[in-house]
């Protein structure tokens with residue numbers, strides 16, 4: 001939680017500096033767009049964070065986003081399925097992917113890195129296969145379903161008088177509602193249920209957890225299922241937001257943003273540690289940094305991935321330094337108690 005608070009302070013500082021250096025940062029349009037993007041990537045990051053807390057890693061997030069983002073309009077438009085059937089099928093596909101990957105890790109004893117790296121290639125290949133590499137879209141229809149991603153909830157009495165086209169109302173993007181619901185559920189499960197304690201115990205030391213009676217394999221499986229299901233749901237929201245998906249590049253590098261947000265938000269890559277609220281703060285920080293690169297003229301746009309890579313590296317280094325300090329402090333305290341005895 002302390003790391004999450006540190007990231008929150010950094011988020012406020014970056015936002016303040018960007019508002020001074022970049023024109024339009026505090027406009028209603030930009031803030032609403034930031035909230036929308038933070039919510040979409042935050043959903044993916046929570047899924048990635050749950051896997052990391054369990055001691056794993058999921059590199060297939062972007063490809064699952066691609067698969068679900070292409071599958072939904074393909075089922076609706078090309079195959080003529082009903083909206084409930086198409087949505088249920090896409091979510092079911094995400095759960096099936098989680099069961100497959102989690103099963104290979106838990107019972108096949110394969111490395112999560114290798115399993116999900118193969119998934120990264122396989123799921124995008126499947127999407128390119130059944131779509132014949134053609135862009136999938138909603139053909140101007142399904143407006144009701146698309147409100148899950150494009151809807152806005154106006155805030156009465158709050159307007160942006162500096163908008164370029166006249167006063168504009170501030171509004172809460174619909175994906176924020178989904179994010180809040182997922183955050184509340186995930187935080188409750190982690191903090192107040194046995195499953196949450198089992199998940200963190202599995203991430204810290206799976207052997208010790210197993211000796212303590214924790215069903216480590218089932219907990220690992222549930223983490224991968226949760227991560228893949230959230231990736232599939234996030235993929236649907238992404239395609240509902242933009243209206244179309246090209247299987248060759250839809251969702252590219254989204255696993256980078258998800259893992260980076262989780263690490264910045266306090267998830268240790270060694271597992272057993274993390275905060276759902278911290279993950280959302282990490283996702284928000286990444287989106288503000290992307291926005292800063294866009295708005296501040298003296299930062300070249302083509303440095304986006306370099307900046308993100310540097311941020312991830314700083315997060316990993318900070319995590320390692322904190323762990324080393326904690327270990328040294330723990331040893332000193334143990335030595336002091338021994339000497340006093």
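Residue 118 to residue 317: extension gain in nm, 0.36 nm per residue of separation minus the Cα-Cα distance?
My answer for the length gained is 68.9 nm.
Quick one: order 35, 118 by neighbouring beta-carbon count within 10 Å, fewest to most.
118, 35
For residue 88 and residue 110 in one chain, what is 0.36 nm times their gap in residues minus the Cα-Cα distance, to one decimal in nm?
Values: separation 22, 0.36 × 22 = 7.92 nm, distance 2.94 nm.
Between residue 88 and residue 110, full extension yields 5.0 nm more.
Relative to the compact globular guide of 2.2 N^0.38 Å, what is the alpha carbon radius of gyration of the stretch 199-283, as a ratio? Intermediate results must be reported in sequence, preceding the final value.
Numbers: Rg = 15.6 Å, N = 85, 2.2 N^0.38 = 11.9 Å.
Relative to the rule-of-thumb radius for its length, the stretch 199-283 sits at 1.31.
Classify the stretch 202-341 as rounded, prolate or oblate, taking a ≥ b ≥ c as the square roots of the eigenvalues of its Cα gyration tensor: rounded when a/c is under 1.5, otherwise prolate if a/b is larger than b/c and oblate if not.
Oblate shape, in that a/c is at least 1.5 and b/c is the bigger or equal ratio.
Take 255, 297, 304, 273 and order them by how many other Cβ atoms sit within 10 Å, fewest up front.
On the way: 255 23, 297 9, 304 15, 273 18.
Going from sparsest to densest Cβ surroundings: 297, 304, 273, 255.
First check a/c for the chain, with a ≥ b ≥ c the square roots of the eigenvalues of its C-alpha gyration tensor; if it is under 1.5, answer rounded, and if not, answer prolate when a/b is larger than b/c or oblate otherwise.
It comes out oblate by the Cα gyration axes.
Within the stretch 4-26, name every residue whose backbone N is under 18 Å away from a label modeled 7 Å from Cα of residue 301 along the Cβ vector.
Output list for this probe position: 22-25.
Expressed as a rounded percentage, what relative contact order does the chain have, with Cα pairs under 8 Å and six or more residues apart?
Rounded, it is 34 percent for the chain.
Coordinate-derived values only; no laboratory data. Since the structure is predicted, the reported quantities are computational estimates derived from the model, not experimental observations. Counting neighbours? That spans all protein chains shown, and the Cβs are built from the backbone with ideal geometry, glycine included.
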